[in-house]
Structure formats: C-alpha cells, structure tokens
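Below: the structure, in structure tokens.
The values are calculated or read from the model by the stated rules, or taken from the named source; none is laboratory data. The structure displayed is predicted, hence computed values, not measured ones. Heads up, the Cβs are rebuilt from the backbone with ideal geometry, glycines too, and the neighbour counts pull from every protein chain shown.
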Amino acid sequence: MALTNLAAETGKALPLGASLSNDGVNFALFSRNATEITIIIFDSSDPESSWTEIQLDSKSNKTGNIWHCFIRGLKAGTCYLYRANGPYFPERGLRFNIHKTLIDPYAKALTDINNWDFMKCAGYNPDKPGRDLTYSYTDDIYNQPRCIVIDDHFDWQGDMPLNYPLRFSVIYETHVKGLTIHPNSGVKHPGTYRGVIEKIPFFKDLGITSLEFLPVQEFNEKEIVRVNPNTKKKLTNYWGYSTVAFFAPKGSYASDKSPGGQVNEFKEMVRELHKAGIEVILDIVFNHTAEGNEKGPTFSFRGLDNSVYYILNENMRYYQNYSGCGNTVNCNHPVVRTFIMDCLRYWVMEMHVDGFRFDLGSILGRDQSGHIMENPPTLEQIAEDPVLSSTKIIAEAWDAGGAYQVGWFPGGRWAEWNDKYRDNIRRYWRGDPKETRQLATRIAGSSDLYLRDGRKPFHSINFIISHDGFTMNDLVSYNGKHNKDNGEENRDGSDNNNSYNYGAEGPCADPVIKNLRDRQIKNFFATLMISLGTPMILGGDEFGRTQNGNNNAYCQDNEISWYDWSLLDKNKDIYRFVKEMIAFRKRHPGFMRPEFFTGRGGNYKGIPDISWFNEKGKSPDWAHIGYFLALRLDGSKAETFADRDDNDFYIMFNAAADTQNFTITDPPVKKNWFRAVDTGVGSPNDIMLPGNEKALTSQRTYNVKARSLVILISREC
C-alpha cells in the first residue's frame, strides 16, 4: 500500500500499543499533557526508507488521555514512531519536543538498535548555556530505531508456562549472549536465543529446573562512552540493566534478523525449554529507564509525559535517583502501574515466561514523592493479579536510595534474593569467627527473616554467587576486586566480597592451594543444596568460570564475561560434584520442606525434625560455638512436612584449618550411617551415587577434614 494513501481512522483507545487485525493496525498511546500527537509510518525497516507523518485529531482520535487511530491496510512488519508536541518547561517537569521521534512504550519489537547514538535524541541543545533548559530543533528521525508491528500468532504446540513450585526449583542465572558467544561453545547460533536451545542437553544433564536470564528487554549496548584502558576498545552495556522498550525482546540476541524475527525466536526458545522441562524467568528492570537524568536523551517516556512516568525532584528539572542510574520510574502512579501490569501479563500470556526477578525491587514500593510505602499498590497488585497467580515473582529487595527490605518486602507472596544468606555462608567457610550460629540460621531457611510475616522457607532465594560480584572460582582466588578494565580506576564494584585467595592472588599452579580452592567451591555448592529455601547458582560456576577478579563485569562483552566451555573438561570434577549435589537435593524432599523446622518431634518416632550438635555430639553452646557444627534431619513424614518419607541425615561442618573428630549420634533403629558426601575426599568419592554410599567403619565417630562438609545418610544395614 502506498504511503500517500494512508489515513487515520478513529480507532480504539484500548488496548494500548499497536494491535494487528485482518485489515489494518490500531494504534493507541497515552499522553496526558501533549497538545499534539503525530504518528510516523515508514515504508520499510530500512534506515533510509521513506515515511509519512499523520497528525491525529484531538477530537476524533483521542479518548480521555489516550490518543488512537486505525490505519487500514497496514500489516505485520510495519515500522512506526511517534512525535509529541506540548510545553517545554523542564523546571515544571514538561519536556515535550516535536522534533524528537518517540518509541511506543508498548512496542513489541524494535529495528536494529546497536548503532544508535543516544545523544542525537537529546531534547535540549547541548551546545548552548543551560544545557537541558534549552530546546533542540534538530530532528532525529534518521537516528532513531523504529517500532515494529508484530503478529502475535505463534504455533506454541500446546505449550503453557511450567510454573514449578519454588521449593522444587533450582535456578540457574545466565546471560543469553554470554552463554554461547564464545568460539568454543559448540553451537551453530552463538549468542542467540537459538544458541540457548542448543544448550538444552547441557541443562538437562546438570539438572537445573529454571533459567533466569539477565535482561532481555531491548537495551542499547553502545551507550557507554568509556574505553578499556588496557585494550583501548570501547566498553559496552553487556548486562542490559538500562531498558529502552519493556515489551520488546532484544533483537541482537536473535539469529533471525527479519523485522520482528526476535519475537518468534524468543518464543521458540521458551517453547523448546518448556519441552525439556526447564522454566524461563526474566530479570526485569522497572526501576529506571535508559533515558537517564536531565542530561539524557528523549526517546520515549520523557517525550510522552515526563512528569507522569518519572519521580521528579522538588525542582522538577531534576530526577530523583533511587536507582543509581539517573532516573526513577514513578511505579505507583496509576498510569505507570497499568503499564507495568500490562507488560508482565504480556510476557506471561503471549511469551509464556514462568517468572520475573525485579531488579532493585524496593523502588516499586516508593510513592510519587519517593517515600517507601507501607502497602504499595503496585507490589500488592503484582502479588494478587489473577493472571500472575502461579508466576514466580522474585524481588531484589533493596535499591540505591538506601531502602533495604530483605525479610520485609511487602505484597504477600514475594520471594526475595537473600543476601544475608550469601554473606553469612561466605564468611563461615572463609573461617570468620562467630559465623557458625548464622550458618545454622541460614541453612534452616532464614526463619529470622521470613517466619515473622507468614512466608515460607522457599521465599528465600538462597545464593552465594550472582552476576553482580565475583564468580565462584574468583571468590576463592582473590582477596580484592580487579576492575581496572572497566575504565573507572578500580573504584567500581563492591569492596565487601567476603572472599579469600588461600595464599596466592589469582590463578595458581600450587596443587595445595588449588585443591583447597576446589574443596571450598564444593563446600559452597553442598551447603547451598542442603539449605532450606530455593537455591540459585550463577551459570558457569559449575565448571569454574572466571572473570579474572572482576566483580562488576557489567561492561565487559568479551572473554571476561563469556562462558569458556573448555573449562567444562578442565574442571570436570567440579562439574560432576555440582551435578550430583543438584540430583541429591532433588531426590530428597527433606531439603525441600514447605514449612520451617520446629525442633520438636511431630512424627510417629517422636524425633525432632532437626537437632543441632557440636563436634562432641552434644547440644551446642550457641554463645561460644567455634567452627564446628553438626545437625540431624529426621526424614519421616510430619504433618507439616512434604510428600513422602525420606532418609535421615547427619551433616557435619568444619570451617577450621585442622581435621576434627566428630561424635555421631545413633542412627535410626535397624539402620546405619553411610557416607554420601565428603568434600575432603578426592573425586569421585567426594559424592557417591545413590545406592553406592559408603558404610562407615565406625557408627560413633567420623574425622572431618579441615574446611570440609560431610553428609551421612541412613540406610538399612
């Protein structure tokens, strides 16, 4: 259809975004304060293609605060943008500029974004005094990526979200591109959604249940202006925590480069992962956008209704910055709340994802003045929404503005990243004094955090490593961060790593140091898998991935961050241990209890569900306990327990530098203790396959080597 024949019919106000029908496309866009909206229709996705602009009539093409039109004859693949005219008074929070083309907040796909120069979209004139107070007359239509009309039809082959209960989940945090982009990844489609599909046999072998992807919503990789001081190469936004379009899967992660091909390829990935029994969880960033502070570009929200979408300072020229990234989304404004809910429902209903991890989730609990609310409507609505009722919702329960809500996150059914678990477990195995009591609290489900508000142990997302910080290998190889490649003179990244190098900083050929580091890695993984709660591991840790001591690799789209698959063979004993520990957890419901321990006997044997001991087999003196701890888990069914009887377990921890002889309590009647796990023993005897557990020579004592964990399992004699 020729662009000259296009006409804007009345259309409908809902749904927002571009909705395809048999004979055209309906466009609907919110803007309360705009005086004029223009829709731009492009002839194709080619950056040099022609276009036509249609100004919407404020009477026939507007209902309330929603501008809308229907354009007959348009099809899937049509590219479009908007312009919004209105007052430009930054000091009043109004930043309309008719010369800036705008991305639809509801756009489901964008054209190629990788060469986008953000600052050509600035709504102000950076060359004049006053900067953001001035007005830019420069048109950016040739610079801006375009929205793509998407046909939502897809052959799902009967697929639906898996929605495993949290307590049965083992989460694997990974990066779509970094997973397979390395030349040795062995896939045909490196760095893409299809590359993830090619790694399904690996995920199945490892035994994880859920992939949690770092942000896949469209972001601009080229927005960082710094260079690596060593290589002089420009740094990039690798992690993706700077969203441009919240409904749109990232185009560069797709091998299909046709307009909108990324949507179908993402759906293919989800469908094939679900066929393999693997969930998809998305890390989503509603706390801020890529428009940044008052000196940032105007490409969407800022140009449509700045004072609605963002929390502004008292001087409305400036933005409240609770995200640490320049701006803060006004999450509890009713319009923005609707946007967030529409977005989440879209990813669940149309893209079939199983859950979300909310980056800096505490921002979703701030009111329109930035104050933390007691009962934030956005958090409550996410928790209570009927469409999301089975969807995993996981909060990073803090923000950059000082909010810290681990154990207190409002909204009912939220799970949380438990950073207290991370820090306490790291410190215990490092050998810090007075951490053993905290170890007990964390492996028992962190009842100090979650019991008080009625939540369950599985609401604690237990992790020792995440993308933000050291890898597991680096945690036991470096005393300090090594972030000079980030171009910030090693100032960025946390200094509170609770790490230890065991005698040498970085890689070391000394077999004594290497063996000790490997043992500590096994200790961390074993502790994680026997802890009450939902375990999460960082992808690549299972085979010793390293970032060379960089604990903030957000800008390293290179071999620092990419998965080096040659390590899978080099560190095959670590991989085997992690794989078998995951399987061990999944075999034994005693480690996946839905309720907190009571310490009382609630079963037919009258034995407590959990009992604590010191190295002498006596009740520990918690005020003066050293580096040694043992616990006994009763596996028989209790009224608050799980689905079936399990074995009993006796687990011993030794974080000291010397071997310790532990006294063991008696096994159950007509049963003996067998060794299932001993991290102080070399592979493959560090973890025994089911049915091959080694009978103890003595049922009364056991020597636990220095910095080791031992798991005994009860079996019939």
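Of all the residues in the range 48-76, those that are aliphatic (A, V, I, L, M) and within 39 Å of the chain's Cα centre (by Cα) number 4. Can you name the residue in the range 183-227 that is crowded, with 23+ Cβ neighbours inside 10 Å and of a type in the set (Val, Ile, Thr) and is also farthest from Glu272 (Cα to Cα) among such residues? Of everything passing the filter in the range 183-227, Val216 is farthest from Glu272 (Cα to Cα).
With the structure loaded, tell me whether Leu166 is farther than 23 Å from Leu102 by Cβ, surrounded by fewer than 22 Cβ atoms within 10 Å (Cβ to Cβ) and in contact with a His (Cβ under 9 Å, 6 or more places away or on another chain) or whether it fails that test.
For Leu166, the condition - farther than 23 Å from Leu102 by Cβ, surrounded by fewer than 22 Cβ atoms within 10 Å (Cβ to Cβ) and in contact with a His (Cβ under 9 Å, 6 or more places away or on another chain) - is not met.
Across the range 531-562, the qualifying residues are those that are touching a Lys or Arg at 6+ places or on another chain (Cβ under 9 Å), of a type in the set (A, V, I, L, M, F, W, C) and assigned to a loop (DSSP other than H, G, I, E, B), and the one among them that is nearest to Ala415 (Cα to Cα) is Leu532.
Here Tyr106 passes the criteria (1) buried (at least 21 other Cβ atoms within 10 Å of the Cβ); (2) touching a Ser or Thr at 6+ places or on another chain (Cβ under 8 Å) except the one numbered (2).
Output yes when any residue across the range 486-495 is in a loop (DSSP other than H, G, I, E, B) and either closer than 17 Å to Arg427 by Cβ or of a type in the set (A, V, I, L, M, F, W, C) (or both), and no when none is. Give the steps one after another, and end with the answer.
As a first pass, look at the range 486-495 and keep what is in a loop (DSSP other than H, G, I, E, B): 487-495.
Restricting the remaining residues to those that are either closer than 17 Å to Arg427 by Cβ or of a type in the set (A, V, I, L, M, F, W, C) (or both) gives 494-495.
Scanning the range 486-495 turns up at least one residue that is in a loop (DSSP other than H, G, I, E, B) and either closer than 17 Å to Arg427 by Cβ or of a type in the set (A, V, I, L, M, F, W, C) (or both).
Matching residues to (1) at pLDDT 95 or above; (2) surrounded by fewer than 23 Cβ atoms within 10 Å (Cβ to Cβ); (3) touching a Pro at 6+ places or on another chain (Cβ under 6 Å):
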site: Gly93; (1), (2), (3): yes, yes, no
site: Lys100; (1), (2), (3): yes, no, no
site: Cys121; (1), (2), (3): no, no, yes
site: Lys128; (1), (2), (3): no, yes, no
site: Arg131; (1), (2), (3): no, yes, no
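Just to be sure before I move on: is Ser466 among the small types (Gly, Ala, Ser) and within 24 Å of the chain's Cα centre (by Cα) in the structure I sent? Criteria met by Ser466.
Every residue, every condition in (1) modelled with pLDDT under 95; (2) over 30 Å from Glu91 (Cα atoms), yes or no:
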| residue | (1), (2) |
| --- | --- |
| Glu212 | no, yes |
| Val216 | no, yes |
| Asn230 | yes, yes |
| Tyr253 | no, yes |
| Val270 | no, yes |
| Glu279 | no, yes |
| Asp305 | no, no |
| Tyr310 | no, no |
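Scanning the range 3-17 for residues that are under 19 Å from Ser58 (Cα atoms) and hydrophobic (A, V, I, L, M, F, W, C) returns Leu6, Ala7, Ala8, Ala13, Leu14, Leu16. Scanning for something closer than 20 Å to Cys325 by Cβ and in contact with a His (Cβ under 7 Å, 6 or more places away or on another chain), does the range 237-260 turn up at least one residue? Checked against the condition, which is being closer than 20 Å to Cys325 by Cβ and in contact with a His (Cβ under 7 Å, 6 or more places away or on another chain), the range 237-260 yields at least one hit. Note on the range 190-226: residues that are in contact with a helix residue (DSSP H, G or I) (Cβ under 9 Å, 6 or more places away or on another chain) and within 29 Å of Glu580 (Cα to Cα) total 21. Based on this model, can you work out whether Asp155 counts as without any contact (Cβ under 8 Å) to a residue 24 or more places away in the chain, of a type in the set (Asp, Glu) and not assigned by TED's automatic domain parsing to the domain that holds Arg585? In short, yes. Within the range 259-306, the set of residues being of a type in the set (Gly, Ala, Ser), more than 19 Å from the chain's Cα centre (by Cα) and within 19 Å of Asp140 (Cβ to Cβ) comprises Gly292, Gly296, Ser300, Gly303.
Only one of the listed residues (Lys204, Lys222, Lys233) is basic (Lys, Arg), under 25 Å from Arg146 (Cβ atoms), more than 16 Å from the chain's Cα centre (by Cα) and in the same structural domain as Glu350 (by TED's automatic domain parsing). That residue is Lys222.
The numbered conditions (1) in contact (Cβ under 8 Å) with a residue 60 or more places away in the chain; (2) touching a Leu at 6+ places or on another chain (Cβ under 6 Å) are all true for Glu580 except (2).
Residues in the range 249-306 that are under 30 Å from Leu133 (Cβ atoms) and among the hydrophobic types (A, V, I, L, M, F, W, C) were compared, and the one that is surrounded by the most Cβ atoms within 10 Å (Cβ to Cβ) is Phe299.
Taking the conditions exactly as written (out of contact with any helix residue (DSSP H, G or I) (no Cβ under 8 Å at 6 or more places or on another chain) and not in a loop (DSSP other than H, G, I, E, B)), does Leu528 satisfy them or not? Walk me through it before giving the result.
Details: out of contact with any helix residue (DSSP H, G or I) (no Cβ under 8 Å at 6 or more places or on another chain): no; not in a loop (DSSP other than H, G, I, E, B): yes.
Spelling it out, it is not the case that Leu528 is out of contact with any helix residue (DSSP H, G or I) (no Cβ under 8 Å at 6 or more places or on another chain) and not in a loop (DSSP other than H, G, I, E, B).
Filter the range 470-485 for residues that are touching a helix residue (DSSP H, G or I) at 6+ places or on another chain (Cβ under 8 Å) and either free of Cβ contacts under 8 Å to residues at least 60 places away in the same chain or assigned to a loop (DSSP other than H, G, I, E, B) (or both) and give the result. Result: Thr471, Leu475, Val476, Ser477.
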